[in-house]
1. Restricting to segment B:78-122, name every residue that is among the aliphatic types (A, V, I, L, M) and surrounded by fewer than 22 Cβ atoms within 10 Å (Cβ to Cβ).
2. Being surrounded by fewer than 24 Cβ atoms within 10 Å (Cβ to Cβ), facing chain A (nearest Cβ under 7 Å) and either in contact (Cβ under 8 Å) with a residue 60 or more places away in the chain or of a type in the set (D, E, K, R) (or both) is the requirement here; does B:Arg334 meet it?
3. Given (1) surrounded by fewer than 22 Cβ atoms within 10 Å (Cβ to Cβ); (2) under 17 Å from A:Pro342 (Cβ atoms), identify the lone condition not met by A:Val275.
4. Exactly one of these conditions fails for B:Ala202: (1) more than 21 Å from A:Asn426 (Cα to Cα); (2) touching a helix residue (DSSP H, G or I) at 6+ places or on another chain (Cβ under 6 Å); (3) within 11 Å of chain A (Cβ to nearest Cβ); (4) small (Gly, Ala, Ser). Give me its number.
5. Looking only at residues in segment A:302-324 that are β-branched (Val, Ile, Thr) and under 14 Å from A:Gly391 (Cα atoms), which one is surrounded by the most Cβ atoms within 10 Å (Cβ to Cβ)?
6. When segment B:240-289 is examined, which residues are found to be buried (at least 21 other Cβ atoms within 10 Å of the Cβ), more than 7 Å from chain A (Cβ to nearest Cβ), more than 22 Å from the chain's Cα centre (by Cα) and small (Gly, Ala, Ser)?
7. Among the residues of segment B:25-43, are any more than 21 Å from B:Leu91 (Cβ to Cβ), touching a Pro at 6+ places or on another chain (Cβ under 6 Å) and assigned to a helix (DSSP H, G or I)?
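The values are calculated or read from the model by the stated rules, or taken from the named source; none is laboratory data. On a predicted model such as this, the values are computed, not experimentally measured, just so you know. With ideal geometry, Cβ positions are generated from the backbone for all residues, glycine too; neighbour counts draw on all protein chains shown.
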Amino acid sequence: MTKKIKLSELGSLFGGDIQALEGVKIEGDVEIDLGSMGMNPQMAYALGHETAQMAMHLMNISRILGYPVDQVFGGQQQVAAAAPKRLSKLIESKFSVGKNEEWKTPIQEVILGATSSDGGTRKSTITLGGENALPYYFDSPMPHRNHITMDVFDMPINMAKAVKGNYEDVINSPAEWAKKVVRDFGADMVTIHLISTDPNIKDTSPAQAAKTVEEVLQAVDVPIVIGGSGNPEKDPAVLEKCAEVAEGERCILASASLNLDYARIAEAAKKYNHVVLSWTQLEINAQKELNRKLMKQCGVKRENILMDPTTAALGYGLDYAYTNMERIRLAGLSGDTELNFPMSSGTTNAWGAREAWMTSSPLKEDSDWGPREYRGPIWEIITGLTLSLAGNDLFMMMHPTAVQVLKEITQTLYGSKETDPVNIDNWITAVV
Amino acid sequence: MKLNSPLQVYKYLPQTNCAECGETTCMAFAAHLIDRSKKLDNCPPILKEAFKKKYIELITLLAPEIREITIGVGERAKKIGGDDVIYRHQLTFFDPTAFAYDVWDTMPEKELVERVNKITNFKKFYIGKFLRVDMIAVRCVSGDAAKFAAAVKKVNETTTLPLILCSFDPAILKSGLEVVKDKNPLLYAANEKNWGEVAELALTYKVPVVLFSPDLDKLKSLALTFGEMGIKNLVLDPGTYPQGKQLKETFERFIKLRRSGIKEAQKDMAYPVMAVPLNAWLVYKDTAAASYWETVLASVFTVRYGDIMILHSLEPYAMLPEVHIRETIYTDPRTPAKVAPGVNQVGSPTKDSPVIVTTNFALTYYTVESDLSSNKINCYLAAVDTDGIGVEAAVAGGQLTAAKIKDAFQKANFEFKEKTSHNTLILPGLAARLQGDVEDVTGLRVLIGPPDSGRIPGWMDKNWPPKPK
């Protein structure tokens, strides 16, 4: 604690005779901060010139008056005069910063996929979660890298032109589509979206959907995500049937949400050994509520829960999605055991942004938007990257270039990318 | 800032409740000082001589943890730094990252002028305003002081944007400074070798200066030394390495600097931090690959604590995501994302004009509204109260329903029979599944618009006026 005294009280500080100050007229009623009177150069710097100068004055006055200033203040040298000082040597210093002590609760580890030794048929499994800090922070290394699952649909759908070009040859075969994203585009996982089951689209039966899931499981040996159509009435029946045919594979069932019969999906996950994707819409309290219901009411084990707190595209609400995820992750690390689960992002939503797919800006006042072929993938990359920094673990994505670049940056920050060192000392003169 | 409750601030205020600041009480004003929505200078009484001491104390206590520095002069002058929190939800981030794009002194004059104009004039519409970029960084590639001065002169004649003068050679920096000494440019940069001479320039010309060292001990030495010499308008460049382990370490340095400045209140290093995503071009030569990676680096350091950065690519696919990610991070999370529900006029609608439905999510509403007005479509636009949720999510989540739509028109006293000749409503393409319900509930004819409001003009050509059934 610092103690403040007035100049008129200076005498008592020295334990001397206050009478000695008589006859000395000191104007103003300035206060000096005793806690900072150590007057070494760093302190003077911290105090700023004005305070330092004032303190110097005080000491000089006191010296004239015969007070043992140098004994009291440790015999410091002259500091911080009015004219700028010139130094001939750098002040030596060490920089240090502490680790975050509030992050004591690790994020739950969740294993996706199961190999033959665990009752499945996947070649290998993926582990998400386990973090003890925000992603890529020095406080604690991230135990598992980010992973990417690529979208496959059970029927042809409308896609941005830049996306479509990659899938035209496989658009009628979910199995071939799945093979392609794993073989050619480096997908860690595959998401099969059963959109044809929507009563407003084709109303495909749960049994038919289950057949598609079986085909995908046979086509690839990576873990998979089983996605419904998003129809709250139909999804529980579809996911139940698919969970059954995929028994033991530890797929992600996407999704349980508060506006459908989540208990049925939770039950299917328990019965057939899958992971539940707990999906809420940009609302941290709803996410807590759904997670709590899945655990307490439905009896889903912690290691079988993954969250999707909703992804909004860059320029279309990513600020909410980012902060929502960051708050969820910080709450989890700080001890909220209803929120410390790994997270998944529907990064493909980035393609909803008009900047990602429109030929040019609909607004005449805008600067030229340039070719859209380049805009789309970077929109998907930056949407995903931003959420990776907020703590997202798994990315559902669509464009191969976006997948490749997002992998490159997330694995670089994770620490698994080795490259030759680059000398940046002369960047100013670089010819670029 | 060092104070965290209105009561602490109140102690320093005149406590007269004079209301000259526009607030009814000093306590209310104190709350605005804490959330930084008002400035101390908004209080006329405290500026008077009698309160001078309290004013000086309070202004020091209210100063942001990260020093706020101004670069440039006039309307386009830019403040950087000024932050008080490490996560945006704790308050908001202040002074959006300044984006400087480079030019160099070996460019032919015509190209130089074109590039400067392109940077100066860049704009992108977003929620009722235009996003822009901020500065020009002039790099000395020639090694020739006269050539550098000539380039700086040309840039200065072409734009009012603030400048960053880039060279590690103090003589070259000086030649540039002479040309723009009244424009408050940022000097880049002092390092371990040239610091004495660069400090002399900063003192002589009273300009802000960047300190460069990827070694944080050395960076701190530089900051302490400059501080000791009375140079406080500092920016720290801890080095931006473009790839591999070096990039991971770069990321860690940004986290460490900001944590030390805000969480640990280490004043010695509490300055704005600079990133140089341009360094992506040191490893990628292909324009698309380099632009992509540069945008990736710019995004990483916009999210994590870069206050100013130097960039190279002017490709729209680099600049568009860059200005949007900055907006994402710096948008004030305290500002409501909703517009008032109601039925609004766009242009001057008549009885034959369309009636279009959207949600009251601010992003959606302003996007639709600007698409309509920019294309001079006169119409009625209904903002349905969906609790500020966008169309697709609101349909899925039950916040946008036939009943809610009917309610919106009823509350606005909007009678279709009286206001329109067509008795027709246009739903967003993403709400197509509500068509039947809305017809049943409202008795109106319901058309399905395009999934993106940017396509309304084309849609109107084909579908409006509605064909008789």
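1. Residues satisfying the conditions are B:Val85, B:Ile86, B:Leu91, B:Met107, B:Leu112, B:Val113.
2. Spelling it out, it is not the case that B:Arg334 is surrounded by fewer than 24 Cβ atoms within 10 Å (Cβ to Cβ), facing chain A (nearest Cβ under 7 Å) and either in contact (Cβ under 8 Å) with a residue 60 or more places away in the chain or of a type in the set (D, E, K, R) (or both).
3. Going through (1) surrounded by fewer than 22 Cβ atoms within 10 Å (Cβ to Cβ); (2) under 17 Å from A:Pro342 (Cβ atoms) one by one, A:Val275 breaks only (1).
4. Every listed condition holds for B:Ala202 apart from (2).
5. A:Thr311
6. Answer for segment B:240-289, where residues must be buried (at least 21 other Cβ atoms within 10 Å of the Cβ), more than 7 Å from chain A (Cβ to nearest Cβ), more than 22 Å from the chain's Cα centre (by Cα) and small (Gly, Ala, Ser): just B:Ala280.
7. No, segment B:25-43 contains no residue that is more than 21 Å from B:Leu91 (Cβ to Cβ), touching a Pro at 6+ places or on another chain (Cβ under 6 Å) and assigned to a helix (DSSP H, G or I).
Results for (1) assigned to a helix (DSSP H, G or I); (2) at pLDDT below 95; (3) out of contact with any strand residue (DSSP E or B) (no Cβ under 7 Å at 6 or more places or on another chain), shown as yes or no for each residue.
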| residue | (1), (2), (3) |
| --- | --- |
| B:Leu112 | yes, no, no |
| B:Val141 | no, no, no |
| B:Lys147 | yes, no, yes |
| B:Lys153 | yes, no, yes |
| B:Leu165 | no, no, no |
| B:Ala171 | yes, no, yes |
| B:Ser175 | yes, no, yes |
| B:Leu187 | no, no, no |
